[in-house]
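The values are calculated or read from the model by the stated rules, or taken from the named source; none is laboratory data. Since the model is a prediction, treat every value here as computed from it, not as a measurement. Cβ atoms come from the backbone with ideal geometry, glycine included; neighbour counts cover every protein chain shown.
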Amino acid sequence: MNLKRDARLSLAALGIVFGDIGTSPIYALRECFSDSHGLSPSVDNVLGLLSLIVWALILVVSVKYLIFVLRADNHGEGGIAALVALLNPWGAKRGSLRYVLMLMGLFGAALLYGDGTLTPAISVLSAVEGLKHAAPAFEAYVLPITLLILVALFWLQKRGTAGIGALFGPVIVLWFVVLAALGLHGIAQDPRVLMAVNPLFATGFLLHHGHAGFLVLGSVFLAVTGGEALYADMGHFGRRPIRLAWFILVLPALLLNYFGQGALYLHTAGGASDPFYQLAPDWALYPLIGLATLATIIASQAVISGTFSLTHQLIQLGQMPRARVIQTSAHERGQVYMPFVNWTLMLATVALVLGFRSSSALAAAYGIAVATTMVITSVLAFFVARRFGWHLLLAAAVVTPFLLIDSVFFAANLFKVADGGWYPISVAVAMFVIMTTWAHGRRLLLQHWGREARPVAELQQWLSSEETRQSLHRIPGTAVFFTPNGMAPPHMLRHLRRHLVLQQTVVLLTVCYEARPRVPEAERLRLIDVSPELRQMSLHYGFIETPDIPLALRGCAALEPTATNQISYYVGRETVIPSAEVRGMALWREVLFAFLLRNALRATAFFQLPPDAVVELGFLVVI
């Protein structure tokens, strides 16, 4: 046990992992008493809603995620993509249970894209809205200031988080200390609020209010949004530092602040319109607005970075088209920047702020994506537990209570669909269609390759024949042909038949992505010597790693140094021709796949190949 290391990682985790859930007090309890729910802030209602929030934080975040789900790590990595990878469903037969679980996991990942735009919008807007309470004259400037902050935040993404990441932890520590201090100040005004720890107030509230009590659970759920990040960011910090940060600082600070806001409602007999900011003394209001804005920027940064990381993983797992990935840190492989994803998120976030115009309106759209993801996480966690040896009854006994809680929150959030919940659902459906179309189209392409490719033994026999030796002109250097299945690829065969020129050394190279996050360097390259002039290689990468083919080949002892300096890379460039006559996918999906394939990042850039050493061989494919 290394206490100093755990303390350092816990501090770093505060800025990355807990920013989202740590900024929920700005708006969560306020939304529970919004006019849409029709609940008056009476003593029973305040204690009942606080009790629901307290036990949601304890059961959903502390017990489900911190104690149970964090046990399901994929070589130290967490998140829904890692959870799916633990089930190893890739290549599962269509219609099988593993295939259905894979689709569930992909839909859960797709839901996070809607969350990736909603979190920055609602977080920053809710913080800047504090200006209205400081001085009503500032109300007209809330939207412009919010938009300016968001545009600046997305513009700075290309610089990476390494430079400013060191500031995240201390700022969020200060944020949680201030949350606790404000909460204690509020509790001192009416200590009765502490009775909300009793879960009977929660059950009594739900029984008394019936349908209205059920609907308000959609706002109660805002207090636990961000809980999924605790699992998703496990690979960066580890279980123990995240648990220490949560139980020592984050959970106590959140509970104290929610209690303080509830005490303010009791003390003012329901007269609080924005309890978070009204907890602060007048002299502290502007500094609190500034600190809240910093905290929400950090929370947004974490979500944006998480979206980059998720997209990178999905690309490596073959579920998304290739896109440009820029490594922003020389030391942390997980710190990446994706320009297309960044600017798309920015446009969507700006559109959300302009469309909804207030954090209360955005709260109606917020929650449904996270609630759905939590349900999917519970289901996948059950099957992961079974796969790793848990008895059926034990796995069911542990997961069923979590699944019931998640399902209730999910059902309550469904009533938000008409008021804005349609947005994250629409984004998720669009991303899910893209992912499944891309994966299915790639499978059809591989089938086409398999029909035209030839076995390596047949290629070697052809190369060594006397007829070929007389007609084929051999030149110095090394030719690397990319092949997805280890066979002689169609573009190689066409090249040889047309040009009758080939380098002295030939490498058939397959790039493989494994269901683990990282592959040790010692296991990176696997080599089969077919003959002195023909080699079959495979390079293996984890789903969070960025491939660098030239670097990997330079470290290959089987290739002469002169050969690695004279490499020509031959890459197939397919152009898909959609056709209703060939049975593959629906025509509209073939059109979509053809569009995605045309706009996917070329292998030259994705594999970091030197452009002047690449030969692209194009051909038409009907799938």
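Only one residue in 530, 571 is at pLDDT below 80 and part of a strand (DSSP E or B). Which one?
530
Check whether at least one residue in the range 493-508 is in the same structural domain as residue 605 (by TED's automatic domain parsing), closer than 30 Å to residue 326 by Cβ and among the hydrophobic types (A, V, I, L, M, F, W, C), and report yes or no.
The answer is yes; a qualifying residue exists.
For (1) outside any helix (DSSP H, G or I); (2) surrounded by fewer than 17 Cβ atoms within 10 Å (Cβ to Cβ); (3) under 27 Å from the mean Cα position of the chain (by Cα), each residue gets a yes or a no:
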{"site": "127", "(1), (2), (3)": "no, no, yes"}
{"site": "131", "(1), (2), (3)": "no, no, no"}
{"site": "140", "(1), (2), (3)": "no, yes, no"}
{"site": "144", "(1), (2), (3)": "no, yes, no"}
{"site": "147", "(1), (2), (3)": "no, no, yes"}
{"site": "156", "(1), (2), (3)": "no, yes, yes"}
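Would you point out which residue out of 111, 57 is under 18 Å from residue 222 (Cα atoms), out of contact with any strand residue (DSSP E or B) (no Cβ under 6 Å at 6 or more places or on another chain) and not assigned by TED's automatic domain parsing to the domain that holds residue 219?
Just one listed residue meets the conditions, 111.
Could you list, in sequence order, the residues of the range 208-217 that are closer than 14 Å to residue 47 by Cβ and surrounded by fewer than 22 Cβ atoms within 10 Å (Cβ to Cβ)?
208, 209
Look at the range 339-377 and say how many of its residues are hydroxyl-bearing (Ser, Thr, Tyr) and not in a helix (DSSP H, G or I).
2
Please find, among 380, 394, the residue that is among the aliphatic types (A, V, I, L, M), in a helix (DSSP H, G or I), surrounded by fewer than 21 Cβ atoms within 10 Å (Cβ to Cβ) and outside the structural domain of residue 33 (by TED's automatic domain parsing).
None of the others qualify; the one that does is 394.
Which of the residues belonging to the range 177-201 are more than 15 Å from residue 25 (Cβ to Cβ) and either touching a Phe, Trp or Tyr at 6+ places or on another chain (Cβ under 6 Å) or surrounded by fewer than 18 Cβ atoms within 10 Å (Cβ to Cβ) (or both)?
188, 189, 191, 192, 194, 195, 197, 198, 199, 200
Please find, within the range 366-422, the residue that is farthest from residue 221 (Cα to Cα) out of those that are in contact (Cβ under 8 Å) with a residue 12 or more places away in the chain and of a type in the set (Lys, Arg).
Checked the range 366-422; the qualifying residue farthest from residue 221 (Cα to Cα) is 387.
For the range 442-453, check the following and say yes or no: at least one residue is farther than 24 Å from residue 616 by Cα and among the acidic types (Asp, Glu).
Within the range 442-453, not a single residue is farther than 24 Å from residue 616 by Cα and among the acidic types (Asp, Glu).
Here are some conditions: (1) touching a residue at least 60 places away in the same chain (Cβ under 8 Å); (2) surrounded by 15 or more Cβ atoms within 10 Å (Cβ to Cβ); (3) of a type outside the set (Val, Ile, Thr). Residue 174 meets all but one. Which one does it not meet?
Exception for residue 174: condition (2).
Test residue 424 against the criterion of being assigned to a helix (DSSP H, G or I), outside the structural domain of residue 567 (by TED's automatic domain parsing), in contact with an Asp or Glu (Cβ under 7 Å, 6 or more places away or on another chain) and more than 30 Å from residue 571 (Cα to Cα), and give yes or no.
yes
Residue 342 versus (1) over 15 Å from the mean Cα position of the chain (by Cα); (2) surrounded by fewer than 22 Cβ atoms within 10 Å (Cβ to Cβ); (3) at pLDDT 90 or above: which is the lone unmet condition?
(1)
One residue is enough: does the range 557-575 have a residue meeting the conditions surrounded by 12 or more Cβ atoms within 10 Å (Cβ to Cβ), closer than 28 Å to residue 75 by Cα and aliphatic (A, V, I, L, M)?
The answer is no; no qualifying residue exists.
Under the condition of being at pLDDT 85 or above and surrounded by 15 or more Cβ atoms within 10 Å (Cβ to Cβ), which residue from the range 475-486 is farthest from residue 536 (Cα to Cα)?
Ranking the qualifying residues of the range 475-486, first place goes to 477.
Residues in the range 252-290 that are closer than 22 Å to residue 13 by Cβ, crowded, with 20+ Cβ neighbours inside 10 Å and either at pLDDT below 90 or not hydroxyl-bearing (Ser, Thr, Tyr) (or both): how many?
Matching residues across the range 252-290 total 5.
So, in the range 268-286, of the ones that are assigned to a helix (DSSP H, G or I) and in contact with a helix residue (DSSP H, G or I) (Cβ under 8 Å, 6 or more places away or on another chain), which residue ends up nearest to residue 25 (Cα to Cα)?
276
Among 306, 318, which is the only one that is modelled with pLDDT under 90, outside the structural domain of residue 547 (by TED's automatic domain parsing) and outside any helix (DSSP H, G or I)?
318
In the set 85, 81, 56, which member is small (Gly, Ala, Ser), within 25 Å of residue 309 (Cβ to Cβ) and touching a helix residue (DSSP H, G or I) at 6+ places or on another chain (Cβ under 8 Å)?
Sole residue among the options that is small (Gly, Ala, Ser), within 25 Å of residue 309 (Cβ to Cβ) and touching a helix residue (DSSP H, G or I) at 6+ places or on another chain (Cβ under 8 Å): 81.
Starting from residues that are out of contact with any Pro (no Cβ under 7 Å at 6 or more places or on another chain), among the small types (Gly, Ala, Ser) and not in a helix (DSSP H, G or I), keep the ones in the range 577-619 and report whichever is farthest from residue 513 (Cα to Cα).
Result: 580.
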